[in-house]
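**Student:** My structure is below; once you've seen it, I'll send some questions.
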Amino acid sequence: MQNDTFSIEIWLLDDDEIVRSTTAQWLRLSDYDVREFHQAQTLLDQFQPEQACIVVSDIRMSPMDGLTLMNQCLAQDPSLPFILITGHGDIDTAVNALRDGAFDFLEKPFDPNRLIQTVEKAKQARKTQLQMANQSQYLGDLHGLEESIIGQDEQIVRVRHQIQTFANIDAHVIVYGKTGCGKELVAKALHDTSPRREKPFVAINCAAIPADLFESELFGHEAGAFTSAHKQRIGKLELASGGTLFLDEIESMPLAMQIKLLRVLQENQVERIGSNQTISINLRVVAAAKQDLQNTADFRQDLFFRLNVSQIHLPELRHRGSDIPLLFEHFCREAIEERGGEFRPLSPIDLETLTLYGWPGNVRELRNVALRYALEANTSIAKILAGYQAQEQIDTLTPLPLSVKVQEYERSLIEASLNQQEGNIQQVLEQLQLPRRTLNQKMQKYGLNRADYLK
């Protein structure tokens, strides 16, 4: 995950030096980076929005107390995880602070394990927030090849570099990748960045053409060449002359057509069916395959060597962990721009689901899920994926991890209660028999907002 690049500091504020140093020591022993403050104003002077930190602060201090500091920090950055340390007499105050945006509170004297658990949750939440902000900035600054080949994963950076290198080398290319990885997108990028960009880009899916129509599709025909040839037709090879011919799933091309294609590439000439006239062509072929053509029994090796000047290998989406939420947001924003609406940030459990799921349909499947998420209010990634599995829309299903299924069930129970009680939190607490703090944390985790359920 890209959010591992964010080093989150713990900003610890307490005017009692003994309590502060002891708490800091506990945190440092658990490998947290801690910055200590003894006055609220000093911390406030150094704080900036989207600071890579969380704040752990005592409530009772002077001249500025912890609640005042929290309100001022959250006014600048509402997503900042702010943890309050409170004495027994301030419990009601701390509970009210949860409604005002506090992440959690710790009651003195607190168990060090409870401190570490709370800080770890806050730290992970902050990492998620900063990651989302970082990827939104990246998506807003796209230019050049990144506008079509989006991603920050090193494998995709390498693919962009290969495209830029091969684009100006006027030679054939084979693009390898599983279904849904974006092979045609790469082929189009190769064409658009090459000197052939002003000429046609012609795409053919070899697996979708019936064998008896293949020759006519590639070579074209003259009127009367066969029974149904009522008029002249220009074939794809001739149509692509000067530009790029993209042959998707080339491993599905009939053997007889492989022989004829090889001759065309050797002689740079094509002859329409029913004609004795040869036509000179000049084209570049970008072939796409799901498997190694050199080791494919039904693929001619002489054609393979003719095409195999350069190769680009596209990674499966599950191997691009840091790019999954990035691409998801991009597709969501595309859907919103087209159909209207507002981007709904991912909850921590949605982000976890995105990264744990195997994505057998690769980028194509991710795009479909993003479209559903963008257009359906109050849904979750796990719910959408579960719906796909129930409908058996994907042949090679990747099951959702048990932890995700359990959390999705918990989320559905809380959402059902919020709907039933029309957003009345007190009634939800009673129905689910949860402490206020626990409900607050779970609603935050699952991206559930009380305002969405008010009638």
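**Student:** Pairs under 9 Å by beta carbon, first residue among the acidic types (Asp, Glu) in region 176-205, partner open to solvent by less than 10 Å² (accessible area, probe 1.4 Å) and in a loop (DSSP other than H, G, I, E, B), six or more apart or different chains?
**Tutor:** As it stands, the answer is 198/243, since those pairs meet every condition given.
**Student:** Please go through region 277-296 and pick out each residue that is open to solvent by less than 60 Å² (accessible area, probe 1.4 Å) and either within 19 Å of residue 190 (Cβ to Cβ) or under 36 Å from the mean Cα position of the chain (by Cα) (or both).
**Tutor:** Taking region 277-296 first, the residues open to solvent by less than 60 Å² (accessible area, probe 1.4 Å) are 279, 281, 283-289, 293, 296.
Correct list: 281, 283, 284, 285, 286, 287, 288, 289, 293, 296.
**Student:** Among the numbered conditions (1) at pLDDT 95 or above; (2) assigned to a loop (DSSP other than H, G, I, E, B), tell me where residue 311 comes up short.
**Tutor:** Going through (1) at pLDDT 95 or above; (2) assigned to a loop (DSSP other than H, G, I, E, B) one by one, residue 311 breaks only (2).
**Student:** Could you list all residues from region 116-128 that are surrounded by fewer than 19 Cβ atoms within 10 Å (Cβ to Cβ) and either more than 33 Å from the chain's Cα centre (by Cα) or among the hydrophobic types (A, V, I, L, M, F, W, C) (or both)?
**Tutor:** Scanning region 116-128 gives a single hit, 116.
**Student:** A follow-up question, please. If we scan region 155-174, do we find a residue that is modelled with pLDDT of 95 or more and assigned to a strand (DSSP E or B)?
**Tutor:** There is at least one residue in region 155-174 that is modelled with pLDDT of 95 or more and assigned to a strand (DSSP E or B).
**Student:** Also, quick follow-up: Looking at (1) at pLDDT 85 or above; (2) surrounded by 15 or more Cβ atoms within 10 Å (Cβ to Cβ), which one does residue 416 not meet, given that it meets all the others?
**Tutor:** Against the list (1) at pLDDT 85 or above; (2) surrounded by 15 or more Cβ atoms within 10 Å (Cβ to Cβ), residue 416 comes up short only on (2).
**Student:** Can you pull out every residue in region 64-76 that is touching a residue at least 12 places away in the same chain (Cβ under 8 Å) and open to solvent by 10 Å² or more (accessible area, probe 1.4 Å)?
**Tutor:** 64, 65, 67, 68, 71, 72, 74, 76
**Student:** Of the residues that make up region 419-426, is at least one touching a residue at least 24 places away in the same chain (Cβ under 8 Å), closer than 23 Å to residue 83 by Cα and out of contact with any strand residue (DSSP E or B) (no Cβ under 7 Å at 6 or more places or on another chain)?
**Tutor:** Looking through region 419-426, at least one residue is touching a residue at least 24 places away in the same chain (Cβ under 8 Å), closer than 23 Å to residue 83 by Cα and out of contact with any strand residue (DSSP E or B) (no Cβ under 7 Å at 6 or more places or on another chain).
**Student:** Assess whether residue 299 counts as being assigned to a loop (DSSP other than H, G, I, E, B), over 23 Å from residue 168 (Cβ atoms) and open to solvent by less than 40 Å² (accessible area, probe 1.4 Å).
**Tutor:** On the way: assigned to a loop (DSSP other than H, G, I, E, B): yes; over 23 Å from residue 168 (Cβ atoms): yes; open to solvent by less than 40 Å² (accessible area, probe 1.4 Å): yes.
Yes; evaluated as a whole, the condition is true for this residue.
**Student:** What residue, among those in region 89-109 that are surrounded by 12 or more Cβ atoms within 10 Å (Cβ to Cβ) and closer than 18 Å to residue 447 by Cα, is nearest to the chain's Cα centre (by Cα)?
**Tutor:** Filtering first and then ranking leaves 103.
**Student:** Which of the residues that make up region 313-372 are surrounded by 19 or more Cβ atoms within 10 Å (Cβ to Cβ) and in contact with a strand residue (DSSP E or B) (Cβ under 7 Å, 6 or more places away or on another chain)?
**Tutor:** 314
**Student:** Same structure, new question: With the condition kept exactly as written, say whether any residue in region 1-9 is open to solvent by less than 80 Å² (accessible area, probe 1.4 Å), at pLDDT 95 or above and hydroxyl-bearing (Ser, Thr, Tyr).
**Tutor:** no
**Student:** Quick one: which residue in 81, 112 is open to solvent by 20 Å² or more (accessible area, probe 1.4 Å) and in contact (Cβ under 8 Å) with a residue 12 or more places away in the chain?
**Tutor:** On the way: 81 fails: open to solvent by 20 Å² or more (accessible area, probe 1.4 Å).
Going through 81, 112 in turn, the sole match is 112.
**Student:** A further question on this structure: I'm told residue 216 meets every condition in (1) open to solvent by less than 50 Å² (accessible area, probe 1.4 Å); (2) among the polar types (S, T, N, Q); (3) not in a helix (DSSP H, G or I) except one. Can you identify the failing condition by its number?
**Tutor:** (3)
**Student:** Got a number for residues in region 263-313 being touching a residue at least 60 places away in the same chain (Cβ under 8 Å), farther than 28 Å from residue 195 by Cα and of a type in the set (A, V, I, L, M, F, W, C)?
**Tutor:** Going through region 263-313 one residue at a time, the tally reaches 0.
The values are calculated or read from the model by the stated rules, or taken from the named source; none is laboratory data. Note that the coordinates shown come from a computational prediction; the quantities given were computed from them, not determined experimentally. For neighbour counting, all protein chains shown are included, and Cβ atoms are generated from backbone atoms with ideal geometry for every residue, glycine included. To get the accessible areas, we keep the full protein, side chains included, count just its heavy atoms, and leave off ligands, DNA and RNA. Shrake-Rupley method; radii C 1.70, N 1.55, O 1.52, S 1.80 Å.
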